[in-house]
Amino acid sequence: MIRKTRLFTPGPTPLLPAAQFAMAAADIHHRTAEFRALYLRVLEQLKTFVGTKNDVLLLASSGTGAMEASISNLTSPGDRVLVLSAGKFGERWTAIAKAFGCAVDVVSVPYGQTFLLEEVRKALKIETRAVLMQATESSTGVRHDVEGVAKLLKKQESSALLIVDAITGLGTTHLDVDGWGVDVIIGGSQKAVMIPPGLAYLSLSDQAWEATEVAQNPRYYFDLRKERKNAQKGESSYTPAVALIAALGAALDFIAAQGGGDLAAGRKALVENAETCAAMTRAAVEALGLKLFAPVFPAAAATAVYAPEGVDSGVIVKELKNRFAAVVTNGQGEMKGQIFRIAHIGLFDYMDTIAIIGALEQVAASALKLPGFAFGKALAAAQKVYAERTGAKKEAAEEALAAR
C-alpha cells in the first residue's frame, strides 16, 4: 500500500495548507506599508486568539525564546521565583531562571502528576517575584490548574507575577487570561496555529510591564520594551520571520472561519476539537488494555500512554512509523522507553484520530500480544465517545435548521 506521512506529534504539528501557500507568496520587504499592514493585523488577531486585551508581541524564535524573554525582562539577579515542575518543560523553567541568576524554589511532582495547590501555597514566600508554570506539560500529557494557581495568588495577596508557558495549552485548553490574572502567557507557532517552528508570541499584563522597567537582567535581542514600541508602528525591532508571519495570518483566518468568521468562536472550536480527539484516544487505548500515563489530569494537547510491561515504547513508535508512516513521539527524559505520546493539537480531526487508532490496533495485533485483544474494540470505544460528545451539537443544529 502507499504510505503518506502523518505527524501525530505535539510539535511540530501538521501544517495548514493555506498557511503554506501564504508562506510561498510572502515575497515582501519588512520595512514597507504592505508588511506593516500585515503585521498589525496579525498582532491584533493574536490578542483575540490568546484571549487578552493586552498587547501581544511576536519574536523570531522558538517558544523557549519567549520563556527566556519573560525571565530576562521581568527579573533581576537574586530575585526569588517559584517553579511548578512536573516534566521536561517545568525543568526548563528552572534552568532558564538559574541562568539569569534567580534564586529558584521548586514545587516538583513525579512525571504524570500535577501539583496540589496546598503545596504551592506552602512554597510561596513574601519575596517570591514570579511563579513559573506550564498550562499543559506536553512531555507527560498532563494539564495543570492555571486558574487555581491564579486564584491562590490573589487569595494570598501575593505580588508575584504568574508566568505561564501555554505553548501547547493555547488552542487545546480554555484559558481566561485576563479574567484569571495571568501576567505573562506564551505561545509558539509550531503548535495549535499549524505553521512551522520559528515564531514565539507572548502577552504581558500591566503589572508585568511595570516589572520590565525595574528588572536588571541583561537583554538585547529579547528586549520586550523595544519590541512593544516598534510593534505599535507595525514593525519588529529586528528582521522578522516574514513568511511565518504571513502564514500565521492565514492560520488565524482559518481558525476564525471555523467559528463562522468569529476568531474567538473559532478558538473555542479548536479547543473543543482537541478535547474530543483526546477523549476518543484515551477511550481507545484503555479499550486495548493499555494504561494512560496521566489518567487524572489529562491534557488535550497530547495523550501519553504506557507501553505494555516488558515492551520498550520505542518499538511502538517505530512500528507506527515503519508500517503506516504515522509519527508519534517517545517519552522524554526518564520516561523514554516507557511511554509514547499521540498529539491532538492544531489540524488533527476525527478522521486523523480514527486513523491512528486503527493503526495502533494493527501494531497491537502484531507486536504487543495484548491479552483479550480483538480488532475493533479500540475503534468502537472512540466512536462511542465521538457520538456522545457531538450528538447534542448535532441535535441543536438540526433543531435550528428546522426552525428556519
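With the checklist (1) closer than 12 Å to ASN73 by Cα; (2) in contact with a helix residue (DSSP H, G or I) (Cβ under 8 Å, 6 or more places away or on another chain) in hand, flag the one item ALA247 doesn't pass.
Result: ALA247 passes all but (1).
Any residue in the stretch 359-379 that's at pLDDT below 95: show its pairings with residues that are exposed (fewer than 12 other Cβ atoms within 10 Å of the Cβ) and part of a helix (DSSP H, G or I) at Cβ separation under 8 Å, as long as the two are six or more apart or on different chains.
Every condition considered, no pair remains.
Step by step: first the residues of the stretch 364-383, then only those that are aliphatic (A, V, I, L, M) and closer than 30 Å to GLY171 by Cα, then the one that is farthest from the chain's Cα centre (by Cα). Which residue is that?
ALA380
Only residues that are within 27 Å of PRO298 (Cα to Cα) and in a strand (DSSP E or B): list them for the stretch 68-103, please.
Across the stretch 68-103, the qualifying residues are VAL81, LEU82, VAL83, LEU84, SER85.
Just to be sure, is HIS144 in contact with a helix residue (DSSP H, G or I) (Cβ under 6 Å, 6 or more places away or on another chain) and in the same structural domain as SER72 (by TED's automatic domain parsing)?
Here the answer is no, as HIS144 does not meet what is asked.
Is it the case, given these coordinates, that ALA325 is hydrophobic (A, V, I, L, M, F, W, C), surrounded by fewer than 19 Cβ atoms within 10 Å (Cβ to Cβ) and out of contact with any Asp or Glu (no Cβ under 6 Å at 6 or more places or on another chain)?
yes
Kindly provide the set of residues from the stretch 5-20 that are more than 16 Å from ALA304 (Cβ to Cβ) and either under 17 Å from the mean Cα position of the chain (by Cα) or not in a helix (DSSP H, G or I) (or both), ordered by number.
THR5, ARG6, LEU7, PRO12, THR13, PRO14, LEU15, LEU16
Looking at VAL214 and the list (1) within 30 Å of ALA278 (Cβ to Cβ); (2) over 14 Å from the mean Cα position of the chain (by Cα), which single condition is not satisfied?
For VAL214, the failing item is (1).
Is it true that THR239 is assigned to a helix (DSSP H, G or I), of a type in the set (Ser, Thr, Tyr) and surrounded by fewer than 20 Cβ atoms within 10 Å (Cβ to Cβ)?
no
Quick one: ALA278 ticks every box in (1) touching a Phe, Trp or Tyr at 6+ places or on another chain (Cβ under 9 Å); (2) not assigned by TED's automatic domain parsing to the domain that holds THR48 except a single one, so which number is it?
So ALA278 meets the others, but not (1).
Among (1) more than 21 Å from LYS377 (Cα to Cα); (2) touching a residue at least 40 places away in the same chain (Cβ under 8 Å); (3) buried (at least 18 other Cβ atoms within 10 Å of the Cβ); (4) not aromatic (Phe, Trp, Tyr), which single condition is VAL315 missing?
(3)
What number goes with the only condition from (1) free of Cβ contacts under 8 Å to residues at least 60 places away in the same chain; (2) surrounded by 21 or more Cβ atoms within 10 Å (Cβ to Cβ) that ALA294 does not pass?
Checking ALA294 against (1) free of Cβ contacts under 8 Å to residues at least 60 places away in the same chain; (2) surrounded by 21 or more Cβ atoms within 10 Å (Cβ to Cβ), the one that fails is (1).
Mind checking which residues of the stretch 226-236 are out of contact with any Asp or Glu (no Cβ under 9 Å at 6 or more places or on another chain) and assigned to a loop (DSSP other than H, G, I, E, B)?
LYS233, GLY234, GLU235
Which residue out of THR114, THR94, THR64 is closer than 27 Å to ALA243 by Cβ and hydroxyl-bearing (Ser, Thr, Tyr)?
Sole residue among the options that is closer than 27 Å to ALA243 by Cβ and hydroxyl-bearing (Ser, Thr, Tyr): THR64.
Is one or more of the residues making up the stretch 191-205 closer than 23 Å to GLU119 by Cα, of a type in the set (A, V, I, L, M) and touching a strand residue (DSSP E or B) at 6+ places or on another chain (Cβ under 8 Å)?
Looking for residues that are closer than 23 Å to GLU119 by Cα, of a type in the set (A, V, I, L, M) and touching a strand residue (DSSP E or B) at 6+ places or on another chain (Cβ under 8 Å), one finds none in the stretch 191-205, hence no.
If you check every pair at least six apart or on different chains, which have Cβ atoms under 9 Å apart with a residue in the stretch 83-103 that is polar (S, T, N, Q) first and a residue that is buried (at least 23 other Cβ atoms within 10 Å of the Cβ) and in a helix (DSSP H, G or I) second?
SER85/TRP93
Does the stretch 302-311 contain any residue that is in a loop (DSSP other than H, G, I, E, B), within 17 Å of THR114 (Cα to Cα) and modelled with pLDDT of 95 or more?
no
The values are calculated or read from the model by the stated rules, or taken from the named source; none is laboratory data. Note that this is a predicted model, so its numbers are computed, not measured. Note: ideal-geometry Cβ built from the backbone for every residue, glycine included; neighbour counts use all protein chains shown.
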